[in-house]
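A.B. asks: This is the structure I have questions about; it appears just below.
The values are calculated or read from the model by the stated rules, or taken from the named source; none is laboratory data. This one's a predicted model, so the numbers in the text were calculated from it and none came from an experiment. Glycine gets a Cβ as well: all are built from the backbone with ideal geometry, and neighbour counts include every protein chain shown. Side chains are part of the model used for accessible areas, which takes the heavy atoms of the whole protein and leaves out ligands, DNA and RNA. Shrake-Rupley method; radii C 1.70, N 1.55, O 1.52, S 1.80 Å.
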Amino acid sequence: MSREKRRYFSEDEDGRARKRRRTTETVDIEDRLESLITRVGEKSTSSLESNLEGLANVLEADLPNYKERILKIICTCATNLPEKITIYSTLVGLLNAKSYNCGEEFLDMILENLKEVLIAAQFDRARLMVRFLADLVNCRVLMHSGLLEFFDKFLAATMEDNVLQARSDWFVYTVLSSLPWAAKELSEKKSQEFERLLSTIESYISQRQKTHIPALQVWSSDEPHPQEEYLDCLWAQIKKLESDNWQEKHIRRPYLAFDDVLGDALQHTLPSFTLPPEKDGTVYPLPSVVYRMFDYTDVPEGPSMPGAHAIERYLIEEGIRRTIYAHFKDRKECANQLINLPGKSKVPIHYCVIEVIFSEMFRLPTSYHSQVFYASLIMELCKLKSDVIPGIVAQATELLYERLDTMNSTCIERFVCWLSHHLSNFQFKWSWDEWVSATDAGLETPRCAFLNELFERIRRLSYHQFLVENIPCGLHGLLPAVPTPNYRYSDEEGKLAGQDKAKELIDAIRAKKDVDHLQTILNSIPANATGQEDENSDAPVIDYTFPVLRLEVLLQVVLKLGSKSLSHSFSALTRFHKLLKNVIVNEEAQIHCLKILHEFWSSNHQIVVVLVDKLVRMQITDCSAVVNWLFSKDMKENFTRLYVWEIMTSTLKKMSKHTNKVSGEVQEAKEKVAKLEEKAKKQAGEVNGDSNLEPGAAEDLNKKQQQLEELTEKLENAQRTQKQLFLIVFQRFIMILTEHIVRSEQQQTDLNTQWFKYTTERLREILITNNNQVFQYLSSLETLLFTSDLDPRILNLFDHFKALRS
């Protein structure tokens with residue numbers, strides 16, 4: 001290589017090396033800055049004030065080169081670590097005091113980010129940004145008038161034409177939830193404008209509709225604790241804060257220590273900001289009802305529980321929820337953070353934590369996290385504070401048990417699942433003797449129904465003999481039956497129709513005969529044979545559209561062969577899938593198949609749940625057949641049992657999951673087609689100077705478009721099936737409820753039985769838990785089912801559902 005070439009390569013390598021060094025140094029500095037900003041406020045040997053002052057000095061030196069990066073980190077931390085909002089607002093205040101332009105650029109950045117998250121419908125993140133903006137008033141970054149004008153723009157959204165209440169509620173709630181941070185400053189410096197703001201909020205709250213409240217209440221009674229709608233409750237807490245001269249005792253305000261420094265800083269007006277217009281399909285946060293379990297009388301010693309309308313109650317509860325949302329992936333860390341929340345010396349924090357966990361567990365329509373997570377979290381708390389938490393959990397359990405009469409059926413189901421899981425960690429030890437009195441009023445009461453379901457769940461987690469030995473004799477009438485299979489042809493000398501063929505089939509299977517041989521045995525049973533001829537000659541003969549006796553013999557044999565365990569059952573269903581498909585030829589046959597399965601495992605509901613799910617997954621039965629079976633007369637006696645609704649929920653969820661999956665595939669295909677079209681046109685324009693596509697690109701595009709058309713058709717079919725499924729569910733609900741109402745009026749009996757309460761609550765549950773899916777078919781439901789001539793007691797449930805997103 002010549003000297004000139006060597007010099008060229010040497011210079012080039014030196015340049016790349018210097019570039020790599022600069023890039024590495026930049027990354028190291030940015031990582032150091034992120035670490036410093038993120039960790040400020042954590043436990044340290046120095047005071048928070050000195051740490052903030054030192055950090056502000058460090059950042060001031062880096063502002064000329066890393067200003068944008070520093071401001072981005074602070075903006076992100078303020079929303080990702082909301083418990084440290086006041087720390088980051090103080091830091092921004094200190095930087096603004098050192099550099100006026102820094103404060104201005106930060107406000108521009110946070111407003112731009114706010115607009116982006118609003119467009120992306122990230123409403124929780126947006127609310128935290130607004131709170132952060134409000135706290136910047138206390139740090140002399142933002143002028144009071146600027147914040148009030150900003151709040152006015154939010155409240156102006158409530159006066160938009162045809163605005164959804166869900167949208168208006170969110171804007172009002174966002175402003176209200178920011179006031180504990182900024183209200184004192186605003187009331188002192190801009191009292192008239194602030195009073196006008198409060199009057200606007202009060203006017204809105206007094207006029208808004210609250211039809212949705214019954215759909216979200218855990219209890220149907222307000223005794224002993226009123227169940228307030230979330231916006232009403234927060235407004236009452238703000239009014240109480242106003243009566244206390246805007247003084248609260250929970251928020252940490254480090255900027256008070258820098259009053260001299262911040263007081264000399266120049267404040268900013270807020271840059272121009274316009275709310276993004278409402279988009280079709282935007283789903284706003286659903287309303288809620290505030291859950292209350294404890295008050296000051298339930299806390300025996302230590303700090304007293306803040307009142308229901310004390311702002312401290314709201315701040316504490318939100319802090320607990322934030323901690324849960326931030327650490328839900330690690331239950332141990334979550335429990336540790338909850339135990340060590342700031343301000344725990346001022347309130348009975350353990351009671352507050354347990355109350356909030358139960359409120360999240362019972363949240364309607366659905367909890368944010370799985371029920372197993374809440375059970376695991378309570379268990380971790382019991383381990384960390386074994387001298388305190390178990391007693392509070394036991395106290396909470398007794399309170400819930402006492403209020404079962406008025407508790408929502410959905411929440412009772414969650415209570416059963418949680419308590420059985422919780423007790424499994426303590427060898428199911430409990431003061432069962434204290435609950436024996438539940439049977440005094442008969443076995444049909446809500447408490448007996450609860451105990452019956454609880455024992456059923458405990459058996460799933462243990463075994464039947466354990467219950468017999470450990471549950472008091474006074475409660476044995478509520479224990480589930482011994483879980484044994486009920487094989488129809490168990491009596492070898494019996495003369496039931498098809499018994500000889502069942503024996504022949506079993507012998508052939510044990511002899512490892514092929515499927516064709518087994519099919520020949522089944523075909524030897526006449527297609528029109530039902531078995532009714534021998535069982536009861538006086539019974540009316542039903543004209544079936546499928547080979548009844550073939551199906552009964554085959555399924556009884558398959559279930560018998562798989563009765564040792566679930567694995568055996570799965571193996572048997574898979575092995576004889578082809579035979580089953582040959583005899584289960586229509587929906588009537590599918591329903592009969594489910595009836596046989598239920599009869600076979602009538603004493604083991606868990607296996608029924610699992611095997612019904614397996615049959616749907618194997619496409620032996622359809623979702624619609626499962627629903628029709630659950631509403632059939634054969635299941636009438638079991639209609640209020642939890643396993644029935646476990647099957648119903650699983651079936652609807654499976655259908656929704658399939659539809660969502662196909663919808664995602666369609667969306668992905670649309671994006672691919674759009675990118676391909678854009679790329680092909682760009683290439684064609686560069687090469688030919690016109691919009692004609694190259695042959696290869698055109699062929700690829702046509703292929704993708706064809707795939708999109710196929711997926712779109714698949715989605716339409718899935719949505720059509722889902723719509724039909726919901727129509728079946730709601731039609732059957734309306735039929736059985738209407739029959740009950742008519743029968744009660746004719747016989748002049750009490751309408752509001754436990755069955756009626758349970759059934760109406762289950763109808764409401766299906767409406768609100770599937771609200772995203774059901775709202776797609778709202779017009780069809782209003783036209784075909786929930787018409788104006790329907791009984792008001794049924795129609796009101798539909799109105800409650802519609803009000804969630806009105």
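A.B. asks: So how tilted is helix 165-189 from the main axis of the chain? Cα-based, degrees 0 to 90, rounded to 10.
C.D. replies: Approximately 30 degrees, to the nearest ten.
A.B. asks: Still on this structure, please answer the following. Any idea of the accessible area per residue across the chain, 1.4 Å probe, to the nearest Å²? Intermediate results must be reported in sequence, preceding the final value.
C.D. replies: Values: 39600 Å² over 806 residues.
Ligands and nucleic acids excluded, the result is 49 Å² per residue.
A.B. asks: OK, next. Evaluate the distance, in nm, between pseudo-label points positioned 7 Å from the Cα of Tyr487 and of Arg460 along their respective Cα→Cβ axes.
C.D. replies: 2.7
A.B. asks: Stretched out fully, how many nm does the piece from Glu677 to Ile741 gain, at 0.36 nm a residue minus the Cα gap? If you can, show how the numbers build up before the last one.
C.D. replies: Working: separation 64, 0.36 × 64 = 23.04 nm, distance 5.95 nm.
Result for the pair: 17.1 nm of gain on full extension.
A.B. asks: Which distance in nm do the two modelled labels at His577 and Gln371 give, with both placed 7 Å along the Cα-to-Cβ direction?
C.D. replies: Here the modelled spin labels are 3.0 nm apart.
A.B. asks: Under 18 Å from the 7 Å Cα→Cβ point of Glu665, by amide nitrogen: which residues of the range 721-741?
C.D. replies: Zone members listed by number: 721-723.
A.B. asks: Just in the range 299-388: which GluC sites (Glu not before Pro) are loop by DSSP and have at most 10 other Cβ atoms within 10 Å?
C.D. replies: Numbers: sites: Glu301, Glu312, Glu317, Glu318, Glu333, Glu355, Glu360, Glu380; in loops: Glu301.
Loop-located and lightly packed - Glu301.
A.B. asks: On to the next question. Please sort by residue number the GluC sites (Glu not before Pro) in the range 131-233 whose DSSP state is loop and whose Cβ has at most 16 other Cβ atoms within 10 Å.
C.D. replies: On the way: sites: Glu149, Glu160, Glu185, Glu188, Glu193, Glu195, Glu202, Glu228, Glu229; in loops: Glu160, Glu228.
Those that pass, being in a loop and sparsely packed, are Glu160.
A.B. asks: If you don't mind, another one. Give the residue list of trypsin sites (Lys or Arg not before Pro) in the range 307-404 that are DSSP loop and have at most 10 other beta-carbon atoms within 10 angstrom. Write out the running numbers ahead of the final one.
C.D. replies: Working: sites: Arg313, Arg321, Arg322, Lys329, Arg331, Lys332, Lys344, Lys346, Arg363, Lys383, Lys385, Arg403; in loops: Lys329, Lys344, Lys346, Arg363, Lys385, Arg403.
In loop regions of the range 307-404 (DSSP not H, G, I, E or B), the sparsely surrounded trypsin sites (Lys or Arg not before Pro) are Lys329.
A.B. asks: How far is helix 446-461 tilted off the main Cα axis of the chain, in degrees rounded to 10, range 0 to 90?
C.D. replies: Helix 446-461 sits roughly 90 degrees off the main axis of the chain.
A.B. asks: What percent of all Cα-Cα pairs in the range 236-325 falls in each 5 Å bin, counting up from 0?
C.D. replies: In whole percents, the pair-distance histogram is 2, 8, 11, 14, 14, 16, 15, 9, 6, 3, 1.
A.B. asks: Which cross-chain or sequence-distant (5 or more) residues have an amide H under 5 Å from the amide H of Leu142, H modelled 1.01 Å from N in plane?
C.D. replies: Distant-sequence amide H within range of Leu142: Val137, His268.
A.B. asks: Another one. If I fit a long axis through the Cα atoms of helix 566-575 and take the longest principal axis of the Cα atoms of the chain, what angle between them do I get, 0 to 90°, rounded to 10?
C.D. replies: Value to nearest ten degrees: 70.
A.B. asks: A further question on this structure: From the residues Gly307, His369, Val356, which one has its Cα farthest along the dipole of the range 291-426 in the positive direction, the dipole being from +1 and -1 charges on Cβ of Lys/Arg and Asp/Glu about the Cα centre?
C.D. replies: The Cα lying farthest towards the positive end belongs to His369.
A.B. asks: Let me ask you something else. Under unit Cβ charges (Lys, Arg +1; Asp, Glu -1), what dipole magnitude, rounded to 20 debye, does the chain have relative to its Cα centre? Can you show the working numbers first?
C.D. replies: Numbers: 98 positive and 115 negative charges, 464 e Å.
Dipole of the chain, to the nearest 20 debye: 2220 debye.
A.B. asks: If the chain between Asp264 and Ser46 were fully stretched, how many nm would it gain, using 0.36 nm times the residue separation less the Cα-Cα distance? Can you show the working numbers first?
C.D. replies: On the way: separation 218, 0.36 × 218 = 78.48 nm, distance 2.57 nm.
Contour length minus the Cα-Cα distance gives 75.9 nm.
A.B. asks: Starting from the 7 Å offset along Cα-to-Cβ, what nm value, one decimal, do you get for the label separation of Ala257 and Gln776?
C.D. replies: Each label point lies 7 Å from its Cα, and together they span 5.5 nm.
A.B. asks: Just name one of Ser632, Ser656, Gln619: the one whose Cα is farthest towards the positive end of the charge dipole of the range 617-671 (beta-carbon charges, Lys/Arg +1, Asp/Glu -1).
C.D. replies: Towards the positive end, the residue furthest out is Ser632.
A.B. asks: Which length gain, in nm to one decimal place, applies between Glu105 and Ser206 when the Cα-Cα distance is subtracted from 0.36 nm times their residue separation? Could you put the intermediate results ahead of the total?
C.D. replies: On the way: separation 101, 0.36 × 101 = 36.36 nm, distance 3.92 nm.
Net length gain for the segment: 32.4 nm.
A.B. asks: Would you please state which residues of the range 86-107 a label at Asn80 would reach in this model, taking the label point 7 Å out along Cα→Cβ and a backbone N cut-off of under 17 Å?
C.D. replies: Answer for this model: 86-89.
A.B. asks: Taking the Cα centre of each part, how many Å lie between the range 714-781 and the range 646-661?
C.D. replies: Cα centroid of the range 714-781 versus Cα centroid of the range 646-661: 16 Å apart.
A.B. asks: More than 19 angstrom separation, counting every C-alpha pair in the range 578-632; what % is that?
C.D. replies: Details: 274 of 1485 pairs.
Across the range 578-632, Cα pairs with separations above 19 Å total 18 percent.
A.B. asks: What is the range 291-426's relative contact order, in percent, from Cα pairs under 8 angstrom and six or more apart in sequence? Don't jump to the answer; show the numbers that get you there.
C.D. replies: Numbers: 98 pairs, mean separation 33.4, N = 136.
Relative contact order for the range 291-426 comes out at 25 percent.
A.B. asks: Also: From a point 7 Å beyond the Cα of Glu34 in the direction of its Cβ, which residues of the range 68-87 have a backbone N at a distance under 16 Å?
C.D. replies: Answer for the range 68-87: 68-81.
A.B. asks: For mean projected area of the Cα convex hull in nm², which listed value, [x] 51.1; [y] 61.5; [z] 46.6, comes from the coordinates shown?
C.D. replies: Only one listed value fits the structure, namely [x].
A.B. asks: While we're on this one: Express in whole angstrom the spacing between the alpha-carbon centres of the range 51-98 and the range 566-593.
C.D. replies: 65
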